[in-house]
Amino acid sequence: MLIVKTVYEMKMTRSKIQTNKRVGFVPTMGYLHEGHLSLLKKAREENDVVILSIFVNPIQFGPNEDLDRYPRDFERDEKLAQEAGTDIIFYPTSEEMYPEGYSSYVITEGLDRHLCGAKRPGHFKGVMTVVLKLFNITKPHSTYFGQKDIQQARIIEQMIKDFNLDINFHICPIVREEDGLAMSSRNTYLSPEERKQAIALFKGIKRGEELYKNGERDAEKIKKEVEKVVKSFNLAKIDYVDIVDYSTMSPLKKLGGKSVLALAVYFGKTRLIDNTILE
Ligand code: AMP
C-alpha cells in the first residue's frame, strides 16, 4: 500500500496506472470504522486499484464546529485500510489542498436548502469543493459514498451529472452498531450515558418506517411520531426531523415516490445524523 501526501505525487502515481485498470475512489475524513470499510470493500470488489483519501477538510466545518477535536489516528487508519485491500492512501495536508491564494469553490443551488444544508451554512460548499478537487487529483472511474450522509451523496451524485464527470457514483447502505446506532467517527465523542441514548435516532427511524409500512403518507404525522420517540430520550436535543423528496431533498407534505426520513440530533455538543429511505 502506497501513502501519498502531495497532489503532485498523487497525480504522478495516478498517471502511471495502466489505462485498462479500473480505479475506485473512497473519500473520507479518516478515523475509519466499519462504515468506511464497507465502501472500501465494495470498491475493492469492483476495481483493479482502490484509492482512499483521508483528509479532515477544514472548509466544510463551521466556525463553531468540531474541526479541532475531530478524531484523527493515521496509524490506525493505515492498518485498517491495508486490511481492507486499499492500494493507495492519499493523505494531504490542508496547505497542500488549499495553498495561499486559493479562491475557487463549488456550490449547489437547491439541494442544500434543507436538512444539514440549512443547519450548516457553507458545509456543502466545502464538501463539493474538496470532492471535485479529489476527483480531479485521483481521476477515478467509480466512487463510493455512504447513505449515512444522504444529502451529501445526492449533492455529489448531482455534481457528477451536472459537470459531466465520467465517474460512476455508488451509494452504499448505512452500517450500524449492534443496537442500531449508525457508525460515525463522531460517536467517539459520546459519554457512556449519551452513547446508550444515541439509539434514539434509530428508534425514531424505526417508528417512521413502521408508520409508513402501515400506510401513513402524511409527512407531518410521521414527523410528530418520530419526534415523540426521540424526545423520550432525555439527553436527545432534536436539530431536525424532516421528510424530503429523494431527488430534490426538499420537504414533502404527502409521501409519494422515493422519499427520505432524515434526523439530526444533539447529545451534548455531539451532533448525530441518520436517515432511512421510504419508498
Ligand atoms: P466521513 O469520513 O464521515 O466523511 O465519511 C466518509 C464516507 O463514509 C462518506 O461517504 C460517508 O457517508 C461514509 N460513511 C460514514 N459512516 C457510514 C456508515 N455508518 N455506513 C456507511 N457509510 C458511512
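The values are calculated or read from the model by the stated rules, or taken from the named source; none is laboratory data. Note that this is a predicted model, so its numbers are computed, not measured. Using ideal geometry, Cβ is built from the backbone for each residue, glycine included, and neighbour counts are taken over all protein chains shown. Please note that ligands, DNA and RNA were not included when accessible areas were found on the heavy atoms of the full protein model with its side chains. Shrake-Rupley method; radii C 1.70, N 1.55, O 1.52, S 1.80 Å.
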Mind checking which pairs have a first residue in the range 219-235 that is closer than 14 Å to I205 by Cβ and a second that is assigned to a helix (DSSP H, G or I) and open to solvent by 40 Å² or more (accessible area, probe 1.4 Å), Cβ under 6 Å, 6 or more apart or different chains?
E225/R207; V226/R207; V229/K203; V229/R207
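Within the range 242-279, can you find the residues that are part of a loop (DSSP other than H, G, I, E, B) and either in contact (Cβ under 8 Å) with a residue 24 or more places away in the chain or under 15 Å from the mean Cα position of the chain (by Cα) (or both)? Spell out how you get there, then give the answer.
Within the range 242-279, the first condition is being part of a loop (DSSP other than H, G, I, E, B), and the residues that meet it are 246-250, 252-253, 255-258, 268-269, 279.
Hits for the range 242-279 are Y246, S247, T248, M249, S250, L252, K253, L255, G256, G268, K269, E279.
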Quick one: which residue in E78, E34 is farther than 18 Å from L132 by Cβ and either open to solvent by 70 Å² or more (accessible area, probe 1.4 Å) or among the β-branched types (V, I, T) (or both)?
E34
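When you look at G180, is it within 15 Å of the ligand (Cβ to nearest atom) and at positive phi, yes or no?
Details: within 15 Å of the ligand (Cβ to nearest atom): yes; at positive phi: yes.
So G180 fits the description; yes.
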Which ones in the range 233-269 are closer than 23 Å to Q197 by Cβ, surrounded by fewer than 19 Cβ atoms within 10 Å (Cβ to Cβ) and touching a Lys or Arg at 6+ places or on another chain (Cβ under 8 Å)?
I238, D239, Y240, Y266
Name the pairs whose Cβ atoms lie under 8 Å apart, with the first residue in the range 178-195 and within 18 Å of G30 (Cα to Cα) and in contact (Cβ under 8 Å) with a residue 40 or more places away in the chain, the second open to solvent by 40 Å² or more (accessible area, probe 1.4 Å) and acidic (D, E), and 6 or more positions between them or separate chains?
M183/E34; M183/E177; N187/E177
